[in-house]
Amino acid sequence: MFAADNILRYHIQCVDDICGIFKIKSQRLDGTVYCLSFGDANTICKCECLDWQKWWLPCKHFIAIFAHYPDWQWEKLSPLYRDSPYFSLDEELLNHLQNDPETMPYYQVELHLSKTQAVQHK
Ligand SMILES: [Zn+2]
């Protein structure tokens with residue numbers, strides 16, 4: 001299993017610091033390099049690795065960039081991707097749950113439980 005931890009700074013080459021384009025050496029396949037880009041308002045971010053092409057979830061290469069490049073974080077990803085409902089909370093729905101007498105008791109129980117668990121983990 002190869003994780004983002006295995007990707008060191010020297011495995012990464014920043015090709016374009018303005019647009020956020022990087023090349024990352026494969027940890028598994030000698031000589032293979034994956035090109036990764038953060039995209040922009042019109043172009044979605046992407047990585048050339050199989051994980052990205054299969055799942056479209058942040059792959060270990062994106063995680064490694066986040067770890068090694070403080071200027072290139074989640075917020076810099078294309079809004080086409082970052083603002084996807086898969087990654088964003090639906091504020092309207094949350095407000096509705098909080099204020100709806102039907103769901104409020106459940107919401108508060110959930111909130112209470114998560115607070116209790118948070119305290120227990122300390
Ligand atoms: Zn990747």
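Rule-based calculations on the coordinates, nothing more; no lab input. The shown structure was predicted, so the numbers you read here are calculated from the model rather than taken from an experiment. Cβ coordinates were reconstructed from backbone atoms using ideal geometry, including for glycine residues, and neighbour counts include every protein chain displayed.
Once both labels are positioned 7 Å from their Cα atoms along Cα-to-Cβ, the gap between N99 and A3 label points is 4.3 nm.
What's the extension gain from K25 to D51 if we count 0.36 nm per residue and subtract their Cα-Cα distance? Walk me through the numbers on the way to the answer.
Details: separation 26, 0.36 × 26 = 9.36 nm, distance 1.49 nm.
Gain on stretching K25 to D51: 7.9 nm.
Please give the Cα centre distance for segment 46-74 versus segment 1-34, rounded to the nearest Å. Comparing the Cα centres of segment 46-74 and segment 1-34, I get a distance of 10 Å. Computed from phi, the 3J(HN,Hα) profile of segment 15-23 under the Karplus parametrisation 6.51, -1.76, 1.60 (θ = phi - 60°) reads 8, 9, 7, 7, 9, x, 10, 10, 10 Hz, with x in place of Gly and Pro.
Each label point was placed 7 Å from the Cα along the Cα-to-Cβ direction; for H11 and Q73 their separation is 2.3 nm.
Exposure proxy shown here: for C45, C14, the number of other Cβ atoms within 10 Å sets the order, fewest to most, as C14, C45.
Each residue of segment 56-72 was assigned a 3J(HN,Hα) from its phi angle through the Karplus expression (A = 6.51, B = -1.76, C = 1.60, θ = phi - 60°), giving 6, 10, x, 8, 4, 6, 5, 4, 5, 5, 4, 6, 9, 10, x, 7, 10 Hz with x at Gly and Pro. In terms of the mean number of neighbouring beta-carbon atoms within 10 Å, the peptides 91-99, 33-41, 3-11 order highest first as 33-41, 3-11, 91-99.
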